[in-house]
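Structure, as structure tokens:
The values are calculated or read from the model by the stated rules, or taken from the named source; none is laboratory data. Since this is a predicted model, take the numbers as computed values, not measurements. A quick note on method: Cβ atoms are made from the backbone with ideal geometry, for glycine too, and the neighbour counts reach across all protein chains shown. To get the accessible areas, we keep the full protein, side chains included, count just its heavy atoms, and leave off ligands, DNA and RNA. Shrake-Rupley method; radii C 1.70, N 1.55, O 1.52, S 1.80 Å.
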Protein chains: 2
Amino acid sequence: MQMNPHVLIVEDEEPIAQLLKYNLEKEGYRVSVAGDGEEALLLADEGKPDLVVLDWMLPKLAGIEVCRRLRSARDSRNTPIVMLTARGEEGDRIRGLDTGADDYVVKPFQMSELLARLRAVMRRIRPALADDKIAAGDVTLDRGSHRVKRAGKDVHLGPTEFRLLEYLMQHPGRVFSREQLLDAVWGSEVYVEARTVDVHIGRLRRALNAGHDFDPIRTVRSAGYSFDVDG
Amino acid sequence: MQMNPHVLIVEDEEPIAQLLKYNLEKEGYRVSVAGDGEEALLLADEGKPDLVVLDWMLPKLAGIEVCRRLRSARDSRNTPIVMLTARGEEGDRIRGLDTGADDYVVKPFQMSELLARLRAVMRRIRPALADDKIAAGDVTLDRGSHRVKRAGKDVHLGPTEFRLLEYLMQHPGRVFSREQLLDAVWGSEVYVEARTVDVHIGRLRRALNAGHDFDPIRTVRSAGYSFDVDG
DNA sequence: CATGTCCGTCACGATAGTGTCACGCAAGGC
DNA sequence: GCCTTGCGTGACACTATCGTGACGGACATG
């Protein structure tokens, strides 16, 4: 189940936007186009793009602003951003990278260079997209079919447990605090008790470890939880 | 996030300042508070904060001015700045980002959002502080996975022992007094007996040296302790 | 409406971790 | 050698943190 990556183009100059759209579609991407910053945020929110190509000079909402909002906590997917800047805007470029852009291309650009850059960013930031699945140890999580398996057998998880496991498995071994998990899984705008994380971890464990004796979820006292592939 | 980053809050409204202080400390930051711009520059100079939270509306010295001076040559550390602005001050916001602020949060804000933003800025600007491993001799300490190994084998440490070792390993060979260690590991706001450090050093030694004959922790009589990589 | 699923919160018990003390040994100074 | 001071550590009471069963509410489904 390999869906073509979805690219959002944010560019106010119509000819350039169309050129990009044409070439990217030929390359196999699904493409949306936004003409200004507000539209960009709207489309990003509902389209869940896998990658954003962002022009730096925009009407209504500056590129940096779009970049920052895309990067805000609601975007737990950490969508990679490639910005387009005009020659000589060194300061903007650096600020862009600081704000969370992943790469930039200087206008005017060779289409082939842009495509190469996009491929590179995709590979670097979301290797997971190449295959829709994450696997660690004997646990497999499939984003496409929304399924989790342990040792080949289906495991039923609630939506929150699924996202929790997904987030933990994205960085195996890494310990996340309850606050980090709340931010990433629940979102920064809702307030829930930190201990709620514990309860969901418990439910996740019960579902995941039924019939197994190794628990891949590690508790680190007064620090948080992590997903470990073993020992 | 454990070798607690130091945050300087510049905010003239006392209740907000206290709220911030409380939450940031709970999050594990060390916190200083400045009530106006002049105090801010003073504290920034002597406290060497890792991050500054800067209110835009200040008595005596406007936020933008503080921002500019923090950014001037004296601050070679390029300390990241997050500014707090009131809703609708778009112009200020942009000028702030131009002046060198790294991000902003609009008042009123959700605490969780601010915390997330601070974490993001820290990650972006100083990955070394938030992440990575320290190694010295045959001991490795990994902040990300919260693990300590001696000669490749896992060593289990309590939270305090972990932070203690982390602090010592950051400056191998350097001797820290009990007071310094209390300040850095326990925090300046709690009062505990200086001898408590001894007990934790003992526990740390027992865990770290099990099955080894070289003790990397050196006692310097009437001075303190240090982590030494070799005899 | 009845039923089922999932969620967030609470309360309780278990246990790992913490701070302090006291005792005895070790390290110097003289 | 003797005395003073500093350090190591077992013991212990206390606390913080974690796991989990229970419960009521939200929401969807039939």
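The one condition from (1) part of a helix (DSSP H, G or I); (2) more than 9 Å from DNA strand C (Cβ to nearest atom); (3) more than 23 Å from A:THR79 (Cα to Cα) that A:MET169 does not meet is (3). Residues in segment B:209-231 that are more than 9 Å from DNA strand D (Cβ to nearest atom), within 28 Å of the chain's Cα centre (by Cα) and among the small types (Gly, Ala, Ser): B:SER226 only. In the set A:LEU157, A:LEU164, A:LEU182, A:LEU208, only one residue is open to solvent by less than 50 Å² (accessible area, probe 1.4 Å), touching a helix residue (DSSP H, G or I) at 6+ places or on another chain (Cβ under 8 Å), modelled with pLDDT of 90 or more and within 14 Å of another protein chain (Cβ to nearest Cβ); that residue is A:LEU182. Kindly indicate whether B:GLU179 is within 13 Å of DNA strand D (Cβ to nearest atom) and either assigned to a helix (DSSP H, G or I) or closer than 23 Å to A:THR219 by Cα (or both). Yes.
For segment B:185-201, taking the residues that are surrounded by 12 or more Cβ atoms within 10 Å (Cβ to Cβ) and assigned to a helix (DSSP H, G or I), the one that is farthest from DNA strand C (Cβ to nearest atom) is identified as B:ILE201.
Can we say B:HIS171 is out of contact with any strand residue (DSSP E or B) (no Cβ under 6 Å at 6 or more places or on another chain) and open to solvent by 40 Å² or more (accessible area, probe 1.4 Å)? Yes; evaluated as a whole, the condition is true for this residue.
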